[in-house]
Amino acid sequence: MQPKLLRHTALTLVLASSLGLAAWAQAAELASVAARAGGASAQSAFDGVVEAVRQTVVAAQVPGAVVQLDVKVGDRVSAGQVLLRLDARAADQNAAASDAQVQAARAALDVASKDFERQRQLFQKNYISQAALEQAQAQFKSTQAQVNAQLAQAGAARTQTGFYVVRAPFAGVVSEVPVSLGDMAMPGRALVTLYDPAALRVTAAVPQSLTTNLVAGQLPRIEFPGLPAAQQWVQPLRAQLLPTVDPATHTAQMRAELPSGLTHLAPGRYARLWLPLAAGAPAAGAAATMSVPQAAVVRRAELTALYVLDGAGKPVLRQVRLGRADGDQVEILSGLSAGERVATDPQAAARVAPAAR
């Protein structure tokens, strides 16, 4: 029995040695690159928010109950479109009364005009005195002034009735409707909030100490974390650093104007503004980071990792945290050190990694 046991043990050792050599050969053939230091010191990121360049809160100008509501949050409206209506029955009656008073004043003006014409003819024939003619002329002018006053009042009444129909001042998107049918609107109460989706910008607070280190003439980059990769990065049309500084936080506002057509963005969305800094400038909160090819990244459910080659050249799966992407390179914020080699073919590395463990 002992010779058989020795032969079985020797065979097991040979097979294990063969498998180890095969795994080592596969590991040696893995394509890999060395992680290189990224240029984090050349730029710095600041939290920002998307704002609407043109946004308005449509408020009530007159009191009245909301009797018709034609829009809801998210609706696109055109300029002049009816948004809601208030109860205008009392205003309509006042306008009708003003129109009736105008008609009465015009009738009185017609009588005064004819009377003045008769008095003038009598004066020309010396049947009445100069004083009688002047009195008739004064009566005519007084009646004419009353007609003008009634016309002005009627116009004001008609204008007042127009306040009960709320229209969109420009084409945009409804972002807020804080009222509902039956609510009582008072002068100054917000009814609808609109913004123009074609004019958006990103605003971020920049420390005053870094405002002098910005690269002149170079636009920042805008990142929208959480969006699909094709929509995460946007190049602004122009940027403006406001000259005023907040005395409480010692920060200045940087505004970056977004191009039109970004229908997936809305005011309030979180953004990250990457500002280019002059060489040698201290980047706020920046730390040395590594970058590797995006093809080397392994994504399994919520795991983001790389196959890092150990000292023996064997791939070991290591979890990492990703940063921004730049072309075919991606930033590694943590989990990797400069100089470590990363397998560029994760599938080939996965076939070798189980044997290496």
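Each value in this text was obtained by applying a stated rule to the coordinates, not by laboratory testing. Because the structure is predicted, anything quoted here is derived from the model rather than measured. All Cβ positions, even for glycine, are placed from backbone atoms using ideal geometry, and neighbour counts span all protein chains on display.
Taking R0 as 30 Å, what's the FRET efficiency between residue 208 and residue 257 from their Cβ-Cβ distance, rounded to 0.05?
Numbers: r = 22 Å, r/R0 = 0.75.
Step by step, r from the Cβ atoms, then E = 0.85.
Determine ³J(HN,Hα), in whole Hz, for all residues of segment 259-275 in sequence, where each value follows from phi through the Karplus function 6.51 cos²θ - 1.76 cosθ + 1.60 and θ = phi - 60°; x replaces Gly and Pro.
Per-residue couplings from phi come out as x, 6, x, 8, 6, 7, 9, 8, x, x, 5, 6, 9, 10, 9, 9, 9 Hz.
Using the Cα centre as the reference, give the magnitude of the dipole from point charges on the C-beta atoms of the chain (Lys, Arg: +1; Asp, Glu: -1; all else neutral), rounded to the nearest 20 debye.
Taking the Cα centre of the chain as origin, the dipole is about 600 debye.
Where in segment 246-280 is the amide nitrogen less than 20 Å from a point lying 7 Å along the Cα-to-Cβ axis of residue 230?
259-266
Can you give the angle from 0 to 90° between the axis of helix 346-356 and the longest principal axis of the chain, with both taken from C-alpha atoms, to the nearest 10?
40
Taking Cα centroids, how far is segment 248-281 from segment 144-202 in Å?
Measuring centre to centre over Cα atoms gives 34 Å.
Candidates (i) 253; (ii) 219; (iii) 167; which is the computed volume of the Cα convex hull per residue in Å³?
(i)
Name the aspartates and glutamates eligible as straight-distance cross-link partners of residue 125: C-alpha to C-alpha under 12 Å, and not fewer than 8 places from it in the same chain.
Those aspartates and glutamates meeting the cut-off do not exist here.
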